[in-house]
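All remarks here apply to the structure that follows.
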Amino acid sequence: MAHQDLSITAKLINGGVAGLVGVSCVFPIDLAKTRLQNQHGKAMYKGMIDCLMKTARAEGFFGMYRGAAVNLTLVTPEKAIKLAANDFFRQLLMEDGMQRNLKMEMLAGCGAGMCQVVVTSPMEMLKIQLQDAGRLAVHHQGSASAPSASRSYTTGSASTHKRPSATLIARELLRTQGLAGLYKGLGATLLRDIPFSIIYFPLFANLNHLGFNELAGKASFAHSFVSGCVAGSVAAVAVTPLDVLKTRIQTLKKGLGEDVYSGITDCARKLWIQEGPSAFMKGAGCRALVIAPLFGIAQGVYFIGIGERILKCFE
C-alpha cells in the first residue's frame, strides 16, 4: 500500500509541475481564446495572432498574462484532483486497473471531470473576468459616451475599472451573490469538462498503448508526448461549442449591445440566431493550441518522473 501512496503523491507533484509549466507557456493563447469567444457582432480581433498583437500593444507584454495568477494558484489543485480522481475511478471500475475496457475508461474520465469542477468553476470564472477586461476597456473607449452603469458589478472606485484583481472580483461576488456567484456557470463547466474527460482519457490511454514497448514497459517519450497532444486537441476541439457557452455565461461585464444570458439554453439559442452556427466554434484553433502542449507537457513531466525524483530527495 505504501508504494501506492507514493505513486499518488508523485502523481500529484507531477500534475502540479505540469500544470504550472503548461499554464506559463500557453496562457496568452488562452487569453486570446476568451476574447475571441466573447466577441459579438463586429469583430475587434480578426484571429488569434491579431488578438495577441493588439493585446501586447495596448496592455504590454504582461497584459497577455492577465488572470494567470489565479490559474497558477489553482491549476495545481485542479490537476491534482483530476489525475487522482481518474486513477481512483480506474482502479475502482477496472478489476486490475490494467485491463482495457472503453466503457469503464469513459466512466472514470466522467468521474474525474465531475470532481475537478469544484476547483475549475471558480478558477475559470475569475480568470475570464480578468482576461476579458482589456477587450472591454477598448470597447468602452470606442464608445466614450457609454455610461459606466452598464457594468454588471460596480466596485465603487473608477480605477478598478481599468485593472480589476481576482481578490477584488471574488470578494465582490461573495458579497453580492454569496458562494453561488463564484460558481456561476457550474452547469456549463460540467457540460464541458465531463465530455472532455470522457474523450481525452480513453483516447490517450489507447493511443499511448499503441506505442507500448515490451522492453521498457512503457511507450517512448515521443510517443507519449504526441499521444497527449493528439488526444488533447481532439477532445478540445470536440467540446469547443460547450466552452463558448461557458465563456459567455461566466462573463459578468458585457460590452455595449452585448447580450446577457439567463442560462445555457438561452445562451445557445441567442448565439445560434444572432451569430450563426459558426459562432459555436469560436476559439477552436486556440483551444487546440492551448491544450495540445498542456497535455504534451503533462505527459513529458510524467515520463521524466519529476514527482518521484523530488520524493527520493526527502527519503
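The values are calculated or read from the model by the stated rules, or taken from the named source; none is laboratory data. Computed from a predicted structure; not experimentally measured. Because the Cβ atoms are built from the backbone with ideal geometry, glycine has one as well, and the counts that use them run over all protein chains shown. Just the protein is used for accessible areas: all its heavy atoms, side chains included, with ligands, DNA and RNA removed. Shrake-Rupley method; radii C 1.70, N 1.55, O 1.52, S 1.80 Å.
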query = Counting only residues that are among the aliphatic types (A, V, I, L, M) and open to solvent by 50 Å² or more (accessible area, probe 1.4 Å), which one in region 60-73 is farthest from R135 (Cα to Cα)?
reply = L72
task = Please specify each residue of region 25-39 satisfying the condition of being at pLDDT below 90 and open to solvent by 30 Å² or more (accessible area, probe 1.4 Å).
result = C25
ask   = What single numbered condition from (1) under 16 Å from the mean Cα position of the chain (by Cα); (2) open to solvent by less than 10 Å² (accessible area, probe 1.4 Å); (3) over 18 Å from F204 (Cβ atoms) fails to hold for A284?
value = (2)
request  = Answer with yes or no whether A43 is within 27 Å of M281 (Cβ to Cβ), at pLDDT below 80, open to solvent by 20 Å² or more (accessible area, probe 1.4 Å) and aliphatic (A, V, I, L, M).
outcome  = yes
query = Looking at region 231-315, what helices (runs of 4 or more DSSP H) fall wholly within it and have at least 3 residues that are without any contact (Cβ under 8 Å) to a residue 24 or more places away in the chain and either among the β-branched types (V, I, T) or over 23 Å from L126 (Cα atoms) (or both)?
reply = 264-275, 306-314
note = With the first residue restricted to region 5-27 and required to be under 17 Å from L74 (Cβ atoms), and the second required to be polar (S, T, N, Q), Cβ contacts under 6 Å at 6 or more apart or on different chains are G16/T76; G19/T76; V23/N71
